[in-house]
Amino acid sequence: MIHRITAGRRVISKGEVRSVAMKKNQKIGLICSHGGHFMELLQVRDAFEGYPTFWLTYREVSTSNLKDTYYIANIGKSPVAFIFGLFKILFILLKERPTVLFSTGSEIAIPPFYFGKFLFGTKLIYLESCAQIFRPSMTGKWVYPITDLFLVQWEPLLRKYGPKAKYVGGLL
Amino acid sequence: MIFVTVGNHFQGFERLLKKVDEIAPRIPHEIVVQKGYSKYVPQNTKYFDFVPASAAMEYIQKSDLVVSHAGMGTIILCKEYGTPILIFPRREKFREHFNDHQMEIAQVLEKRGDKNIYIAYEENQLEEKIREGVGKRGIAQVENRGRENLVRTIKEFIETFQG
């Protein structure tokens, strides 16, 4: 007990010092496919205020002309698009060197999350879509094991994931 | 104006478009249809396939009613803007989606009884529900506790994690 409190304190005080220093050094990659996933990411973008960010999304009419955005073709549509997408994602991560990746899905999150985790030690945050009430999404199942903060938007979904999943509320 | 939207899903949503087109001449409102990947071409309304998200948001904000598939982007925005929405879920059995999660969304929302959210499960309910919902504007929801909790949780995580 005492050990924990001491340890907790130490981490917090270190964190306070470090967080100031890291705020400048942190860079956050915001990843989502178009449509609802994009709208959901917009809803929580206040969380990234003050940090340098860049976006990664699909090149579609609905995502056209966005600032600070990298575009890839929909990797779910063809094997060629998938392979090209992987290379481009790797290139983007090498260039931007994000410290945190955040995604609201869908499958566009899977390659950067795995590259980020295993090649760059990036911290990963995933927000499961508000559309998933009772069933985990395919992307959620893929990224759950490697994600550092995993949020769901409906309480019944907690049981379908493991103890790491968190519910603090939903957008709807 | 009534804005009908089927979102960005790769499958079409012909049932909704056909019925809206049939109803359109009887409804005394301008109707604009975002038809997405649907094949059906509306004869009685304005329509387009896709627009930038900012334009879609403007349509949703200005509409007297949004008629939509159970897509989360649209539902969340309607709630935020106070725009009434009539939800008509895509069904797996008609190959409108790859599972029936839109049905689950509609049922959960119906049970919860959110204001200004109307649900239709069958095409023949659409006309009546459109007439019921049009113009029933609610109060724009500036604050959203769920959203604030999510933002705070994400923010705190970024601030406190030790690399």
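Brief remarks on what is shown
- Taking the criterion of being within 13 Å of another protein chain (Cβ to nearest Cβ) and of a type in the set (A, V, I, L, M), the residues of region B:24-63 that qualify are B:V51, B:A53, B:A55, B:A56, B:M57, B:I60.
- Selected residue (criterion: nearest to B:K93 (Cα to Cα)) from residues of region B:14-66 that are outside any loop (DSSP other than H, G, I, E, B) and of a type in the set (D, E): B:E14
- Yes/no for A:F38 being open to solvent by 90 Å² or more (accessible area, probe 1.4 Å), in a helix (DSSP H, G or I) and at pLDDT 95 or above: no
- Checked against (1) within 11 Å of chain B (Cβ to nearest Cβ); (2) of a type in the set (A, V, I, L, M); (3) touching a residue at least 40 places away in the same chain (Cβ under 8 Å), A:V143 passes all but condition (1).
- Answer residue from region A:41-68, given it is in a loop (DSSP other than H, G, I, E, B) and within 16 Å of B:G7 (Cα to Cα) and is farthest from the other protein chains (Cβ to nearest Cβ) among those: A:R59
- Candidates B:E96, B:E127, B:E104, B:E143 - the one that is open to solvent by 60 Å² or more (accessible area, probe 1.4 Å) and either within 19 Å of A:C130 (Cα to Cα) or of a type in the set (D, E) (or both): B:E143
- Residues (of a type in the set (G, A, S) and closer than 18 Å to A:E40 by Cβ) located in region A:116-153: A:S129, A:A131, A:S137, A:G140
- Among the residues of region B:67-111, those identified as in a loop (DSSP other than H, G, I, E, B), in contact with a Pro (Cβ under 9 Å, 6 or more places away or on another chain) and within 11 Å of chain A (Cβ to nearest Cβ) are B:H69, B:A70, B:H97, B:D100.
The values are calculated or read from the model by the stated rules, or taken from the named source; none is laboratory data. Everything numeric in this text was worked out from a predicted model, so none of it was measured. A quick note on method: Cβ atoms are made from the backbone with ideal geometry, for glycine too, and the neighbour counts reach across all protein chains shown. Keep in mind that these areas ignore ligands, DNA and RNA; they rest on the heavy atoms of the full protein, side chains included. Shrake-Rupley method; radii C 1.70, N 1.55, O 1.52, S 1.80 Å.
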